[in-house]
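The values are calculated or read from the model by the stated rules, or taken from the named source; none is laboratory data. This one's a predicted model, so the numbers in the text were calculated from it and none came from an experiment. Cβ placement follows ideal geometry from the backbone for every residue including glycine, while neighbour counts extend to all protein chains displayed. All accessible areas refer to the heavy atoms of the entire protein, side chains included, with ligands and DNA or RNA removed. Shrake-Rupley method; radii C 1.70, N 1.55, O 1.52, S 1.80 Å.
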Amino acid sequence: MSQPTPPNGPVAAAVLSCGFGCFVLGVLAVAADGSKSLAAALNFHHPTGPLSGVTTLAIALWLISWIALAARWKTKSVAFGKITAASFTLLALGLLLTFPPFGDLLLGR
């Protein structure tokens with residue numbers, strides 16, 4: 001008698017939310033670099049500058065997405081290969097967006 005496979009939804013939620021958090025970090029970093037008003041709004045701690053708000057907001061959105069996905073997929077088995085591919089794609093895009101020459105290219109500098 002074989003045991004049923006446990007749902008992989010909570011693990012998939014953790015993996016996908018990590019990719020999403022990295023992507024959000026990259027998007028916010030480029031956006032704050034391109035907008036003085038957004039940079040001022042994200043300046044939570046003056047010695048650090050807008051990076052303090054960028055990282056705080058990215059972490060908050062990562063946690064929210066993890067909690068929401070984990071709750072939604074708690075008892076489900078999802079296509080883990082597709083989730084992993086999407087997560088690594090988001091991770092790569094987030095890393096690329098935090099590379100200053102690429103951000104400057106997007107901002108037309």
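Cβ separations smaller than 8 Å between residues 6+ apart or across chains give the following pairs from the range 32-61 residues that are without any contact (Cβ under 8 Å) to a residue 12 or more places away in the chain and open to solvent by 70 Å² or more (accessible area, probe 1.4 Å) to residues that are among the hydroxyl-bearing types (Ser, Thr, Tyr) and not in a loop (DSSP other than H, G, I, E, B): His45/Ser52.
Scanning the range 69-99 for residues that are in a helix (DSSP H, G or I) and free of Cβ contacts under 8 Å to residues at least 12 places away in the same chain, which turns out surrounded by the fewest Cβ atoms within 10 Å (Cβ to Cβ)? Only one residue fits best here, namely Gly81.
Number of residues in the range 1-55 that are in contact with a Lys or Arg (Cβ under 7 Å, 6 or more places away or on another chain) and part of a helix (DSSP H, G or I): the value is 2. Inspect all residues belonging to the range 13-32 and state whether any of them is modelled with pLDDT of 95 or more and touching a Cys at 6+ places or on another chain (Cβ under 7 Å). Looking for residues that are modelled with pLDDT of 95 or more and touching a Cys at 6+ places or on another chain (Cβ under 7 Å), one finds none in the range 13-32, hence no. Among the residues of the range 1-30, the ones that are open to solvent by 40 Å² or more (accessible area, probe 1.4 Å) and closer than 22 Å to Arg109 by Cβ come to 3 in all.
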